[in-house]
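Below: the structure, in C-alpha cells.
The values are calculated or read from the model by the stated rules, or taken from the named source; none is laboratory data. In this text the structure is predicted, and so the values were computed from the model without any measurement. Backbone-built Cβ (ideal geometry, glycine too); neighbour counts: all protein chains shown.
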Amino acid sequence: MNKNALPVTIGICVVIVAAAAVLIGLKLHSKGSAAPASTTTVTVTASSNPGGSVPATTPPVATPTVTAQGSTAPLTDFTVCITPVIPCNGEMRTQPPQIIVSGDGSAYIKGLTWTAWGSEGATGSGTLELNNCEPNCAGGTDTPYQATITLSDLTSYGGGKQAYADMTVSAPGSPYGTQSYHGLLP
C-alpha cells in the first residue's frame, strides 16, 4: 500500500461517516413532522497524480448540499392567532414575538422564540407578564413568569396559508397556570 494512500483512505472514511451522521440527523429531525424531509448530497473529491499517489497536502473535500424535496410552503405561510381569547379577525402572524392571552391586555407572553415552526406542532418559549390590576390594570404591576406555548392542529385557511388552530399556554408557578385555546382560525 502506498504511504500516501492511508491518510486519503482515512479522510474519505471520515467524510462518509460525517455524511451518514448528517443523514441520520435529518431523518430523526423530520420524523413525525408534516414538513417533507431534506436530502443531503455529499460530494467527495480528491486529486491524484498519474503515479497513483496523492500528495499529503491535498486532502479529500466534502461539500454537503441540503435540498428540500417536493414543493413546500414558505415558513411565512404558517401562522397563528396572536389574540386567542378574542376572535382573530385577521390577527394571524408568523412566528410572533408576542401573544396576548387576555381580553384587556393584562396578560401577554413576550420574547417568544420558536422551534419546529411549520411542522405539525411548534413550541414557543418566552415570558408571561401578568398585571395584578391593583388599583386598576392601567396602574398595576407586571410580574414575569417563564411560559411555554404549544401549537398544534395545522389547518389550511384562505389564500393557501396554514394556521395552528390549537394553542396551549403553560406558565407553571403562576396564577395563570395552563390554558388551552381551540379553533383559532380567522
### Query
Can you pull out the residues in the stretch 139-180 that are at positive phi and without any contact (Cβ under 8 Å) to a residue 12 or more places away in the chain?
Gly159, Gly177
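Residue-by-condition table, conditions (1) surrounded by 15 or more Cβ atoms within 10 Å (Cβ to Cβ); (2) hydrophobic (A, V, I, L, M, F, W, C); (3) part of a loop (DSSP other than H, G, I, E, B); (4) at pLDDT 95 or above:
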residue	(1), (2), (3), (4)
Ser71	no, no, yes, no
Asn89	no, no, yes, no
Gln95	yes, no, yes, yes
Thr113	no, no, no, yes
Asp166	yes, no, no, yes
### Task
Examine the stretch 133-144 for a residue that is modelled with pLDDT under 95, touching a helix residue (DSSP H, G or I) at 6+ places or on another chain (Cβ under 9 Å) and closer than 19 Å to Thr155 by Cα, and state whether such a residue exists.
no
### Message
Yes or no: the stretch 130-148 includes at least one residue that is within 14 Å of Ile82 (Cα to Cα) and of a type in the set (A, V, I, L, M, F, W, C).
### Response
no
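Yes/no per residue for (1) farther than 26 Å from Ser174 by Cα; (2) assigned to a loop (DSSP other than H, G, I, E, B); (3) more than 23 Å from the chain's Cα centre (by Cα):
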{"site": "Val85", "(1), (2), (3)": "no, yes, yes"}
{"site": "Ile109", "(1), (2), (3)": "no, no, no"}
{"site": "Glu129", "(1), (2), (3)": "no, no, yes"}
{"site": "Cys133", "(1), (2), (3)": "no, yes, yes"}
{"site": "Ala147", "(1), (2), (3)": "no, no, no"}
{"site": "Thr155", "(1), (2), (3)": "yes, no, no"}
### Task
Filter the stretch 160-181 for residues that are in contact with a His (Cβ under 7 Å, 6 or more places away or on another chain) and farther than 17 Å from Gly121 by Cβ and give the result.
none
